[in-house]
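Okay, structure first, notes after.
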Amino acid sequence: MNNFQFQNPTKLIFGKGQIEKIAREIPKSARVMMTYGGGSIKKNGVYDQVKTALKEHNVIEFAGIEPNPKYETLISAVALAKCEKIDFLLAVGGGSVIDGTKFIALAMNYDGENLWDIVINPKIASNINPAPFGTVLTLPATGSEMNCGAVISKIETSEKYAIHHEHNFPRFSVLDPEVCYSLPERQLKNGIIDTYVHVMEQYLTYPANAMVQDRFCEGILLTLLEIAPKIMADNKNYDLMANFMMSATMGLNGFPSMGVPQDWATHMIGHELTALHSLDHAMTLAIVAPYLYDVMRDEKRGKLLQYGERIFNITEGTEQEKIDKAILSTREFFESLGVNCSLSANGVTKESIETIVNRFAVRKAKLGENSTITAEIVKQILDKAF
Ligand code: NZQ
Ligand code: ZN
């Protein structure tokens, strides 16, 4: 196991009817800006619950943070927050609203002229003291409710980048499984796949003698495999949604990654596919991940065998046959949720593959747990996925 430091300050408030608790978590004197997306919270009653809870607070609203939150939208929110002298943010929504709010929390306390610098220059971001914020999560998927990452897109240049800031964690996050009952099938499968691949990025690398972390990851993967078909058949079951929410939050809050190598190449490649083709984040992962495991099978050999045996009971055959089965079982799981794991079937062209490979070449990318996934390897993965 590698040396590590771990700190996660986010307070989780979990369960039925818990949105009302936010009133106690936000100082009475705060000038609050509530951020949300395209209006799902107005249809499912979450908006009313938040407004009722904050009836004694001074609250303004910023609506319209879209999926894959756009820099171009967020800068308007920053201007509003500055103008209204906001000192606490409340994100009510999925990963996009939370990520967008993390950007606002940084940008409203930044005096530089070009706010995009916060996204592309980690040094600039690290010198900012972000504004405090809390979240009411409505879509289990990204783990953003309990981590310090955010992924921001710029439409002008078709770019999408992740930013991390060690102090940009939510102060609190409310996880009420009942708010998930209104999730459409598309977002349910997105959430399940995103969570699954988050765990894989931290688990499917090389053995690091981290027995607790491995079993923790395997616990989440097995839970997802068990609950996924049930959730797709019945999206109003409290216990299923509670376990789904726990899986997603625990999948990317720093617990699985303590002291172990991490990959994240599937995500880096996926972000390019979303930036260029507007594919849902989780769809890009479902397409790329199995081909990445295939191309990187030698480096991931030990963990692929462990994964196959512990998750899918694959014990028969040669090592290569077992690895083939483990990868196929992964793809079959994604396909069982209705994903077509092929780039061409999802509208991606050969020209886009070239653009993506060029982008990684210009950045001199060396992705993956061993920094061996170069632009050339990205090309092999995307060609196979085509
Ligand atoms: O905008 P509204 O109207 O709220 O509708 C949203 C949106 O259209 C809807 N939705 C959310 N909760 C709902 C609901 N509809 C009905 N009932 C509910 N309870 O779902 C749609 C998608 O929402 P979005 O927030 O975009 O989805 P998700 O949570 O999957 O977030 C995706 C974004 O997170 C980033 C992705 O790249 C992408 O930009 N990620 C963030 C990470 C992080 N911060 O750590 C890690 C992830 O790997 C990921 O990259
Ligand atoms: Zn993800």
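Data overview
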item	result
Hey, Glu272 in the same structural domain as Pro207 (by TED's automatic domain parsing), over 14 Å from His198 (Cα atoms), under 18 Å from the mean Cα position of the chain (by Cα) and among the acidic types (Asp, Glu) or not	yes
Residue within segment 76-88 that is more than 16 Å from ligand 2 (Cβ to nearest atom), more than 21 Å from Thr10 (Cα to Cα), touching a strand residue (DSSP E or B) at 6+ places or on another chain (Cβ under 7 Å) and among the aromatic types (Phe, Trp, Tyr) present	no
Residue list for segment 124-159, restricted to those being charged (D, E, K, R) and within 15 Å of ligand 2 (Cβ to nearest atom)	Glu145
Number of positions in segment 276-300 that are at pLDDT 95 or above and either out of contact with any helix residue (DSSP H, G or I) (no Cβ under 7 Å at 6 or more places or on another chain) or not assigned by TED's automatic domain parsing to the domain that holds Ile353 (or both)	3
Boolean, Phe172 is modelled with pLDDT of 95 or more, of a type in the set (A, V, I, L, M, F, W, C), under 22 Å from Leu12 (Cα atoms) and touching a Gly at 6+ places or on another chain (Cβ under 7 Å)	yes
Test result for Asn44, more than 16 Å from ligand 2 (Cβ to nearest atom), out of contact with any strand residue (DSSP E or B) (no Cβ under 6 Å at 6 or more places or on another chain) and under 21 Å from Met241 (Cα atoms)	yes
Candidates Lys102, Lys16 - the one that is at pLDDT 95 or above and more than 16 Å from ligand 2 (Cβ to nearest atom)	Lys16
Qualifying residue in segment 291-298 (condition: free of Cβ contacts under 8 Å to residues at least 60 places away in the same chain, within 27 Å of Ala375 (Cβ to Cβ) and more than 16 Å from ligand 1 (Cβ to nearest atom))	yes
Subset of segment 143-188 (residues that are part of a helix (DSSP H, G or I), within 10 Å of ligand 1 (Cβ to nearest atom), surrounded by fewer than 24 Cβ atoms within 10 Å (Cβ to Cβ) and not aromatic (Phe, Trp, Tyr))	Glu178, Ser182, Arg186, Gln187, Leu188
Per-region count, segment 230-263, residues part of a helix (DSSP H, G or I) and not acidic (Asp, Glu)	17
Residue list for segment 59-74, restricted to those being assigned to a strand (DSSP E or B) and without any contact (Cβ under 8 Å) to a residue 60 or more places away in the chain	Val59, Ile60, Glu61, Phe62
Test: residue in segment 99-114 that is of a type in the set (Ser, Thr, Tyr), out of contact with any Leu (no Cβ under 6 Å at 6 or more places or on another chain) and in a loop (DSSP other than H, G, I, E, B)	yes
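The values are calculated or read from the model by the stated rules, or taken from the named source; none is laboratory data. Since this is a predicted model, take the numbers as computed values, not measurements. Neighbour counts run over all protein chains shown; Cβ positions are idealised from the backbone, glycine included.
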